[in-house]
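For reference, the structure discussed in these notes is given below.
None of the figures in this text is laboratory data; all of them are computed from the coordinates on show. Being a predicted model, the structure only gives us computed values, none of them experimental. A quick note on method: Cβ atoms are made from the backbone with ideal geometry, for glycine too, and the neighbour counts reach across all protein chains shown.
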Amino acid sequence: MSKTVVNILKYILFLGIGVALFYWATLDITRGAFIVNTAPTTFEVGSGFSENAEGWKEVRIAPVKEELDQTPFVVMHQDNMVHQGLLSSDKENEVRFFVPEGMNTFAMTLPEGDFEFVIKGVDRTDELITDMKRASIPGIALSFLFGYLAIVSRGMRWLIILEPLGYKPNMWRSIHAVAFGYFANTFVPRSGELARCAALNQTDEVPVDKLFGTVISERVVDMVMLLIFMSVAVITNLDAFNTLLSNMTGGDEGDGASSLWMYLGIAAAIGLLVLIVFRKKIMATSIFQKVKGFVLGVLEGLKSVLKMKRKGMFIFHTVFIWNMYFFMAYIIYMSIDATSHMTVFQALFVMVAGGFGMVLPAPGGIGSYHWTVKLGFIALGMSGALGFAVANVLWLTQTVMIIIGGGIGYLILMLYRIRRDRKLAQHGS
């Protein structure tokens, strides 16, 4: 099987995983939970959990408190009673019934005092659209701007890395090449680094191997920044981090972190034992050589950073880039009433949670980003549906920015190359 076919199959696989995660993230919307704390109240049903022979959709009522047990209720649809039943406090079973698609009215005998329970299988699409519309236009515009400023700073930082190698490409062509790299990455995961190197090579004639070597230096520094951001997010949100791990692994709440460390400890012990027993055979494998090459590349990248003439500016751009990554999300949170109360550390936690999703090489992070941001919101005790809405706004804003910025960047680079080639042809003739 050729390498091209393998890459195509990988692309299809990760795209499929991304679409599946996006679908799972939407389940809180298409068959979400609706809190009942007053009666009568209306709710909308879409796909529900299942469908009966009449085409009606299944909804469920979660177990209620003891004082509501056996309380009678009815469900009306267009002034017709479509179901009557009793609430149940049995924690092993949910009350399940079928109702017509569309708007339904729930009514019950009102108990004394306050009450609250959940109807599951409710269509919350209108709520999703409403939450997304609550993001202010100025907030979206600033998020767009902050995202592009990170690209500009990354392009300028690239020039600083190239200086010790004796190359001085044009600043704006460097920025446009970086923008084009993000553009390529949106459609073909992990292609952006090679794409931007090839773009700058064609306009400024810097050797691709030299350009690609500088990417290692960037990776090392960005890895350090990611670890710093992640450490701060975890330390300031330990309970939420534990819940996030539990939700991602499917374990019980409170077991996430302990299970993770247990699995890591077991894996490390087994790996060390295998390494000791079979070290000569392992060292001769291609996988070991790749790992060794990566480690040496990281060390080489660190050395190249130390050799830079403008270390201060390099550090400034690095800090600026990562601050822009944070603020392009934070400004969206602050522009929506439902998330405007979030603290800086909570916003940082959701940013890191979204970063986990971007690790999966799905095109543009579709699905995986939405899923992990939603889990981040749930871990903080907020609505998963709200998290999905915010993830949509952020993802759409940054994707549009990348497509516009990268597309324009590519056109500018292409036009520059065409004009340069024409001038060379004229001088040659």
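Within the stretch 161-205, which residues have the backbone N less than 19 Å from the label spot 7 Å out from Lys423 along Cα→beta-carbon, could you tell me? Residues 168-177, 200-205 fall inside that zone. P(r) for the chain, from all Cα pairs and a bin width of 10 Å, is 4, 16, 23, 23, 15, 9, 6, 2, 0, 0 %, short bins first. For the chain, the longest principal axis of the alpha carbon atoms and the long axis of helix 137-162 meet at an angle near 30°.
Using the Karplus relation 6.51 cos²θ - 1.76 cosθ + 1.60 with θ = phi - 60°, the per-residue 3J(HN,Hα) values for the stretch 411-422 come to 4, 5, 5, 5, 5, 4, 5, 4, 5, 5, 5, 5 Hz, with x marking Gly and Pro. In this structure, Thr343 and Asp126 have a Cβ-Cβ separation that, at R0 = 30 Å, corresponds to a calculated FRET efficiency of about 0.55.
Give me the Debye-computed log₁₀ of I(q)/I(0) at q = 0.17, 0.27 Å⁻¹ for the stretch 383-429, equal point scatterers on Cα only, no solvent, two decimals. Calculated log10 I(q)/I(0) at the listed q: -0.63, -0.88. Each residue, Leu145 and Val188, gets one label point 7 Å from its Cα in the Cβ direction; the gap between the two is 3.5 nm.
Assuming R0 = 35 Å, what is the FRET efficiency of Leu27 and Val319, from their Cβ-Cβ distance, to the nearest 0.05? Taking R0 as 35 Å, the efficiency between Leu27 and Val319 is 0.35.
Which residue fluctuates the most in the chain, going by a Gaussian network model with Cα springs under 10 Å, if the choices are Ile418, Ile287, Ile137? Among Ile418, Ile287, Ile137, the largest GNM mean-square fluctuation belongs to Ile287.
Using a simple spin-label model with pseudo-atoms 7 Å out from Cα toward Cβ, Thr42 and Leu165 lie 6.3 nm apart. Cβ crowding within 10 Å ranks Thr343, Thr243 as Thr343, Thr243, fewest other Cβ atoms first. Label separation (Ala269 vs Lys309): 5.5 nm, computed from points 7 Å beyond Cα along the C-beta direction.
Measuring against 24 Å, Cα to Cα, the residue pairs Lys309/Lys423; Lys210/Lys309; Lys10/Lys290; Lys65/Lys120; Lys210/Lys292; Lys168/Lys423 contain Lys309/Lys423 as the ones spanning a longer distance. Look at Tyr167, Tyr330, Tyr369 and count the other Cβ atoms within 10 Å of each Cβ; fewest to most, that gives Tyr167, Tyr330, Tyr369. Fewest-first ordering of Met342, Met171, Met230 by other beta carbons within 10 Å of each residue's beta carbon gives Met171, Met230, Met342. In a simple Cβ point-charge model (Lys, Arg +1; Asp, Glu -1; nothing else charged), the stretch 34-122 has a dipole of about 160 debye relative to its Cα centre. Considering only Cα atoms, the convex hull volume of the stretch 58-188 works out to 241 Å³ per residue. Our helix-only sum for the chain, with -39,500 (n - 2.57) per DSSP H run of n ≥ 4 divided by its residues, gives a mean residue ellipticity at 222 nm of -22500 deg cm²/dmol. In the chain, a dipole from Cβ-located charges (positive for Lys and Arg, negative for Asp and Glu) runs towards its positive end, and of Val393, Ala379, Gly155 it is Gly155 whose Cα lies farthest in that direction.
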